[in-house]
Amino acid sequence: MKYIVALSGGKDSTAMALRLKELYPNRKFEYVLTPTGDELPEMEKHWRKLETILGPLKRLTGTDLFGLIDKQKMIPNFRARFCTRMLKIEPFIKYMTSMVHDAIMYVGLRYDEGERLGIIDSCVNVEYPLKHWKWGINEVTGYLKNKGIIIPERTDCGCCFFQRLPEWKALLENHPDRYEKYVQIENKYGYTFRSPGRDTWSADLEGLRREIQSGRKMRNTKARDVKKCRFCSM
């Protein structure tokens, strides 16, 4: 039997992985990541720290986000989330179903969440330890705090379309080179990462940059209100 831990690096999967190691110290877990190639430096640093605690993290790599955009000739959006499906879900399913021996995949879905990963359930043998332990958001955050583990504010792609204005502003201020790369991708394909009409700000990143640099004030969105890609942040 092989024991595969789906580890995104978000709070839920991180807490699950650490607790599984505590509960079953003699069990040989395989901690598997599906990086997109567009993680911010803070996330890469977080993964390296986890490796000092858990051991090596296996990365399922192939086409990165930018190669996928070139292949699809479009930018992903909330209606066409091919990035999550093709870079994260499908590689996990392919890896699990390729195994000769029986395997269990552990997924960090909390007790206070609904069933959201049916596509994986139908293909591989999945268990949800956090649900079994009855761990909700309070238990997860409390456990990580006691462990001294700080989850990066951004666990998804730097250009994730789920971002809201304060996150785009922080990206521009903290990673201007990365922001410029996304501007060039928008110019190349004529699409935008942000959805037009979502708010009163420019949908295109070049226009958004001009508005931010002009000093236009934006509403302060609290972190808990910022929607995340479910599979990237768990």
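Taking 0.36 nm per residue of separation and subtracting the current Cα-Cα distance, fully stretching the chain between Leu23 and Asp112 would add 29.9 nm.
For the chain, what log10 I(q)/I(0) values come out of the Debye formula at q = 0.14 1/Å, with one point per alpha carbon and no solvent? After summing over all Cα pairs, the log10 values are -0.95.
For region 67-177, the direction-averaged projected area of the alpha-carbon convex hull comes to 10.0 nm². Report note on the peptides 197-208, 86-97: ranked by the mean count of other C-beta atoms within 10 Å, highest first, their order is 86-97, 197-208.
Over 29 Å apart at the Cα level, from the set Lys94/Lys145; Lys28/Lys131; Lys131/Lys181; Lys21/Lys181; Lys49/Lys131; Lys88/Lys169, are Lys94/Lys145; Lys131/Lys181; Lys21/Lys181. Karplus-based coupling profile of region 151-166, in residue order and whole Hz: 7, x, 4, 10, 10, 9, 5, x, 10, 4, 6, 6, 4, 10, 3, x, with θ = phi - 60° in 6.51 cos²θ - 1.76 cosθ + 1.60 and x standing for Gly or Pro. Cross-link partners of Lys71 among aspartates and glutamates, defined as those whose alpha carbon lies under 20 angstrom from its own and excluding same-chain residues fewer than eight positions apart: Asp38, Glu39, Glu90, Glu186. Name the shape class, rounded, prolate or oblate, that the alpha-carbon gyration tensor gives for region 143-208, where a ≥ b ≥ c are the square roots of its eigenvalues, rounded holds for a/c under 1.5, and otherwise prolate holds if a/b is larger than b/c and oblate otherwise. Prolate shape, in that a/c is at least 1.5 and a/b is the bigger ratio. Give the cross-link partners of Lys11 among the aspartates and glutamates, using a straight C-alpha distance below 13 Å as the criterion and excluding same-chain residues fewer than 8 apart. Of all the aspartates and glutamates, those that pass the test against Lys11 - Cα under 13 Å, at least 8 places apart if same chain - are Glu139, Glu153, Asp156.
How much length, in nm to one decimal, is gained on full extension between Arg216 and Glu30, taken as 0.36 nm per residue of separation minus their Cα-Cα distance? Gain on extension, Arg216 to Glu30, equals 62.2 nm.
The angle separating the long axis of helix 11-23 from the principal Cα axis of greatest extent in the chain is about 20 degrees. For Trp201, the shell of other residues with beta-carbons less than 15 Å away shows a net charge of +3, using +1 for Lys and Arg and -1 for Asp and Glu. By the equivalent-ellipsoid construction on the alpha carbon gyration tensor, region 38-109 comes out with semi-axes of 24, 19, 11 Å, ordered largest to smallest. What the pair-distance distribution of region 1-83 shows, using all Cα-Cα distances binned every 5 Å from zero, is 3, 13, 22, 21, 15, 12, 9, 4, 2, 0 percent. Computed over neighbours whose Cβ is under 12 Å from that of Ile150, the net charge equals +3, Lys and Arg +1, Asp and Glu -1. Sites listed here are chymotrypsin sites (Phe, Trp or Tyr not before Pro) in region 3-90 whose DSSP assignment is loop and whose Cβ has at most 13 other Cβ atoms within 10 Å: Phe78.
Here, each number is a calculation from the coordinates, and none is a lab measurement. Since the structure is predicted, the reported quantities are computational estimates derived from the model, not experimental observations. Positions of Cβ are backbone-derived with ideal geometry, glycine not excepted, and every protein chain shown enters the neighbour counts.
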